[in-house]
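What follows is a short report on a single structure.
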Amino acid sequence: MSSMNRAPSSHRVALDAVVIGAGFAGMYMLHRLRRLGLSARVYERGDGVGGTWYWNRYPGARCDTESVTYSYSFDGALEQEWEWTERYAPQSEILAYANHVADRFDLRRDIQFETSVISVHYDDASRLWRVTTDRGEEVAARFCIGAVGCLSASVLPDYPGLEDFQGEWYHTGRWPHRAVDFRGKRVGIVGTGSSGVQSTIAVAKEAGHLHVFQRTPNYSIPAWNGPLDRAAVSALKANYGAWRERSRYAQIGIPFTPNGKQAKLVPPEERERDYEAAWAEGGFNFVMAYPDLLTDLESNRTAAEFVERKIRQVVKDPEVAKLLTPNDHPLGTKRLCVDTGYYETFNRDNVTLVDIRSAPIERITAAGVKTRDAEYPLDVLIFATGFDAITGPLLKLGIVGRGGESLNAKWADGPHTYLGIQSVGFPNFFMITGPGSPSVLSNMLMSIEQHVDWIAGCLEHMQRKGYDSVEPSRDAERAWGQTVHEVGHGTLYPHTDSWYTGTNIAGKVRAFTPYAGGVGTYRRICESVVERGYEGFEFSSTRVAAAAS
Ligand code: NAP
């Protein structure tokens, strides 16, 4: 680990930039800051790099964007030398990749691990950010970059009695750094989102008996994961640049070949063939089968019915199949799950699905989980209950901007950003994949790189022009907020209860905050903002106050 791993407390340093988080966003940001000749420090609460892939070590964790796509594209040699082994990489391999990148670009010497940022205050007089940590440090920096991820603030249900539980319990997003032994044990999993689906499949193979506590069934599409074909990878690598370029301008940052038809207008037999082909491709290919599946309810229903038939074909017990069939939301409006054998798992003798919609969990007891109808004795209880997504990690930082205004107060009615990159009142504070950008609707690595490159370009522009401060205009932020709202409401997402809309968190304002117009459209907007002299951003320096050049 880095020599900065444990820094002395209570001292002040001045830096050009502080980056919060050493996941893929913070790592690449550090690399770009160094290339600009800027001094930077990254604070990371874990004891290693990798962010999401550092924390989410639960059994079965793997990425559901394909490995050749879910990887950095900024360095040709890195891209060529790294060998992914499977179509969808397991968590351990992605974490190994993150560590490889940290070594290769000598990142660790500027990352301070095991350090949480507890406040981020803008000092109006010096125009610097003062960042304090749980180690008692305070650093001053011109720029502060939140690279905290969209899914890093894990949430536990507020059932009474957890402190009484005599067994072991875990949250998937805070998995311990040691193997958890399920052999012969009575295990319970609460939650059936992506983390619940993946851990269910893995835990069922080991546990004595597994109870899956399901409140809302979700749609899951087979991944058809397997070893990568080396010849196909070599062919891709021979032309990786073209593949990446297609990804950059594709709807979700993954180059699917679009089928221009409206699903509802396609004759049923042809549509069935298309869905079978998309199902056979697996993963997000399925929801890309027709471009209107996430915008037109009738079209969406045709895809949903196809998946519902598949569930009934796989799951032997009709009652269990019925319980596993989603019934309260259009397909894909809760984040799709991608699996290898999820529905099949419910045919196992050692797996029981418990419907906690009809008989809710009332409390955790010393012995296990008590629902309205029964008590389930357990040795291990796993909470796959998700995250305070997108805004949660930023709002936990204690950010206070110009004039003492906190980000939490400003965003009390939902986030306000320009392009998901900056927010008025927080000069020189940048977000990577912030609310108002495609973020969670896209291949995150591609969106991370796009934001980091954009921010680095902006800082370079400021260096050239002698500016030391940048912030959006109120008009630009208001107009972008309106665009995000309108584009979002042209889709089916806003009407579903989900972490996309914030309804999984008690008291959180309901808002669908990602930009849903697609990665390619968004990238072009960001490019045109730059071409128009950073339209909507206001730059200034201690010497000259100026509007965008
Ligand atoms: P999630 O999608 O928010 O799922 C949480 C689950 O817990 C839901 O089934 C939810 O039910 C249930 N739940 C929450 N609170 C509950 C309560 N009090 N009582 C009973 N059930 C409760 O969280 P996640 O599975 O961790 O996934 C979050 C996101 O992370 C994913 O959507 C995905 O974007 C990402 N992720 C990706 C991968 C991958 O790439 N393979 C893997 C894991 C996660 P309700 O629906 O009824 O609220």
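The values are calculated or read from the model by the stated rules, or taken from the named source; none is laboratory data. Source: prediction; values computed, not measured. No Cβ is skipped: glycine too gets one built from the backbone with ideal geometry, and neighbour counts run over all protein chains shown.
Take the conditions closer than 20 Å to TYR88 by Cα, surrounded by fewer than 20 Cβ atoms within 10 Å (Cβ to Cβ) and not aliphatic (A, V, I, L, M) and apply them to ASN259. Does it pass?
It is false that ASN259 is closer than 20 Å to TYR88 by Cα, surrounded by fewer than 20 Cβ atoms within 10 Å (Cβ to Cβ) and not aliphatic (A, V, I, L, M).
Taking only segment 377-435 into account, find how many residues are within 16 Å of the ligand (Cβ to nearest atom) and β-branched (Val, Ile, Thr).
5
Identify the residue in segment 143-157 that is within 13 Å of the ligand (Cβ to nearest atom) and among the aliphatic types (A, V, I, L, M) and, among all such residues, is surrounded by the most Cβ atoms within 10 Å (Cβ to Cβ).
Once the filter is applied, the top-ranked residue is LEU151.
Please tell me if TYR493 is hydroxyl-bearing (Ser, Thr, Tyr), in contact (Cβ under 8 Å) with a residue 60 or more places away in the chain and within 16 Å of the ligand (Cβ to nearest atom).
yes
If GLY420 passes every condition in (1) in the same structural domain as LEU210 (by TED's automatic domain parsing); (2) crowded, with 23+ Cβ neighbours inside 10 Å but one, which one does it miss?
(1)
For the list (1) closer than 28 Å to LEU441 by Cα; (2) crowded, with 19+ Cβ neighbours inside 10 Å, I need the number of the one condition that GLU344 fails.
GLU344 satisfies all of (1) closer than 28 Å to LEU441 by Cα; (2) crowded, with 19+ Cβ neighbours inside 10 Å except (2).
Rundown of residues vs (1) more than 16 Å from the ligand (Cβ to nearest atom); (2) touching a helix residue (DSSP H, G or I) at 6+ places or on another chain (Cβ under 6 Å); (3) in contact (Cβ under 8 Å) with a residue 60 or more places away in the chain, yes/no style:
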site	(1), (2), (3)
SER92	no, no, no
ARG104	yes, no, no
SER116	yes, no, yes
ALA141	yes, no, yes
TYR159	no, no, yes
TRP175	no, no, yes
ALA179	yes, no, no
GLY188	no, no, yes
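Take ARG348 and tell me if it is within 25 Å of GLY191 (Cβ to Cβ) and of a type in the set (Lys, Arg).
When the stated conditions are applied, ARG348 passes them.
Looking at GLU163, GLU168, which is the one that is away from the ligand (no atom under 16 Å from the Cβ), among the charged types (D, E, K, R) and touching a residue at least 40 places away in the same chain (Cβ under 8 Å)?
GLU168 is the lone residue from the list that is away from the ligand (no atom under 16 Å from the Cβ), among the charged types (D, E, K, R) and touching a residue at least 40 places away in the same chain (Cβ under 8 Å).
Need at least 1 residues that are within 27 Å of ILE94 (Cβ to Cβ) and within 17 Å of the chain's Cα centre (by Cα) per element, so show me which helices (runs of 4 or more DSSP H) inside segment 433-549 make the cut, counting only ones lying wholly within it.
In segment 433-549, the matching helices (runs of 4 or more DSSP H) lie at 444-465, 519-531.
Show me the helices (runs of 4 or more DSSP H) found entirely inside segment 296-363 where at least 3 residues are within 15 Å of the ligand (Cβ to nearest atom).
In segment 296-363, no matching helices (runs of 4 or more DSSP H) lie anywhere.
For a quick check of your reading of the model, give me the residue pairs whose first member lies in segment 267-281 and is farther than 20 Å from TYR219 by Cβ, whose second is outside any helix (DSSP H, G or I), with beta-carbon atoms closer than 9 Å and at least 6 apart or on different chains.
GLU270/LYS261
When you look at SER447, is it under 28 Å from ILE254 (Cα atoms), assigned by TED's automatic domain parsing to the domain that holds ARG34, polar (S, T, N, Q) and in contact with a His (Cβ under 9 Å, 6 or more places away or on another chain), yes or no?
no
Is it fair to say ALA61 is of a type in the set (Gly, Ala, Ser), out of contact with any strand residue (DSSP E or B) (no Cβ under 6 Å at 6 or more places or on another chain) and farther than 20 Å from ARG230 by Cα?
Yes.
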